[in-house]
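The values are calculated or read from the model by the stated rules, or taken from the named source; none is laboratory data. Quantities reported herein were computed from a predicted structural model and do not represent experimental measurements. Virtual Cβ from ideal backbone geometry, glycine too; neighbours counted across all protein chains shown. SASA here: full protein model, heavy atoms, side chains in, ligands and nucleic acids out. Shrake-Rupley method; radii C 1.70, N 1.55, O 1.52, S 1.80 Å.
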Amino acid sequence: MKVVMVGTGYVGLVSGACFSEFGAEVICVDKDDKKIKALKEGKIPIYEPGLDEIVEKNLKSGHLEFSTDLKSAAEKADLIFIAVGTPSRRGDGHADLKYVFAAAEEIANSISKYTVIVNKSTVPVGTAQKVKDIIEKSNPNADFDVASNPEFLREGSAIEDFMRPDRVVIGVESKKAKEIMKSLYQTPSLIKTPIFFTNLESAELIKYASNAFLATKISFINELSMLSEKTGADIHSVAEGMGLDNRIGAKFLQVGPGYGGSCFPKDTLALIQTFEDFELDNKIIKSVVEINSMQKESMIKKIRNSLGGDESGKVIAVFGLTFKPETDDMRDAPSLTILPPLVEAGAIVRAHDPEGIEQAQTLLPKAIEYFPDIFEAADGADAVILMTEWNQYKDLDLQLLKNKMKGKIFLDLRNVYEPNEMNNAGFDYYCIGRGHNF
Ligand code: UDX
């Protein structure tokens, strides 16, 4: 099966590489010359565990190619995936579809036989029909079907998620397209995976609904953590006790400084916009977004209060900057909201992150200093903030840390440590939603 992937961003690259691992002949196309040149040499522009090995292996075997020439790749393709970016449109939160539509137009004039054109980019419900209209208009002779095949990849475990997903969702309009999609996903690692076929619109909505629902679980537990702190309840026990009910489930009930990343913040806003486009009010998702902002703000207060209400002149070491571990992605990372006001108020911020420093430097205030070593970052610090739960921070040498620091404040925004353990080690320990904290 010949597959073309348009766009070598996060989703396009992971999907293209994994389809080649399934045995398809894949050409990943991008307009960015430099990126394609680097990819041809096996250089991966993002940090995603396991991706480099799959790319290298399939480049060598010839199953995977990279190209800037969409036309000649598309001519022979059985399937063309659109995996270009759909950023939030400035000002209104709508998903910006200009790259999707431009790709559709180019594809329309490139195909030469029956081709299934599949949307993998996260797009508002109704986009597949618009893509179909664009292709029909640009090339009335085009022989094609459209399909929608949203991705549910988590950064940091995207390869595993692609190879062993909970489900594959595919929206189609014809039997022919359904059969081709089915055979693409017929691979040993997916034998037990439900392949769920539905119509185009439902597939598009499943993606947004899933992300909004997961974001809802996070905002739900984060909001509840505020009540836990006031009442003496322990949010971990609350989440565990709730999660034992199979109808609720224990996953995505981990408190933190608010969700971030390339999907939840953007997709919740886009879904609210879609409700508005259809003149429908939406209450739940709006609250989810609001609680997420509140959570980040309440982290700033927590830090400020721990420092006696004034952070000016205080040295703060920050462990972790990315929105989650195992990625270098800084998009909508809580650190981007939490750290600037501290710097502005005169705090001296010393940061460490295993992978995210390069990206962080371009987005965070210039005054922040970066250190390749955790304990160097903590040298002379009044307070440590554990912002992202990288493995490196989970088993810290607490005595060494304490000796390096000037003060003894430890703010654990991911609840990695146990309060007793930290208090015994001599820290003034602050976490989220566990008893009487502020
Ligand atoms: C998410 C979805 O999980 C994935 O299916 C979709 O395709 C893309 O968006 P990702 O953004 O990579 O994936 O990360 P995820 O692990 O879902 O975490 C998102 C954010 O929520 C992170 O900031 C994380 O720290 C936060 N989170 C997650 C919590 O605060 N608590 C949780 O219990 C889970």
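Quick look at the numbers
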{"item": "Residue 420 paired with residue 52, simple spin-label distance in nm, labels 7 Å along Cα-to-beta-carbon", "result": "4.2"}
{"item": "Residue pairs, from the table 43/408; 76/207; 37/251; 57/132; 76/120, whose Cα atoms sit over 31 Å apart", "result": "43/408; 37/251; 57/132"}
{"item": "Solvent-accessible surface (1.4 angstrom probe) belonging to residue 193, in square angstrom, nearest 10", "result": "20"}
{"item": "Percent antiparallel among DSSP beta bridges (both partners in the chain, rounded to 5)", "result": "10"}
{"item": "Two-site label geometry, residue 286 and residue 32: point separation in nm, points 7 Å out along Cα→Cβ", "result": "3.6"}
{"item": "Accessible surface, the range 294-430, averaged per residue in Å² (probe 1.4 Å)", "result": "41"}
{"item": "Spacing of the two label points (7 Å from each Cα toward its C-beta) at residue 345 and residue 71, in nm", "result": "5.9"}
{"item": "Residue 97 accessible area, assembled protein chains, probe 1.4 Å, Å²", "result": "20"}
{"item": "Eligible aspartates and glutamates near residue 314 by straight Cα distance, threshold 15 Å, same-chain separation 8 or greater", "result": "344, 369, 379, 382"}
{"item": "Anisotropy class of the range 294-430 from Cα gyration tensor, a/c 1.5 cut", "result": "rounded"}
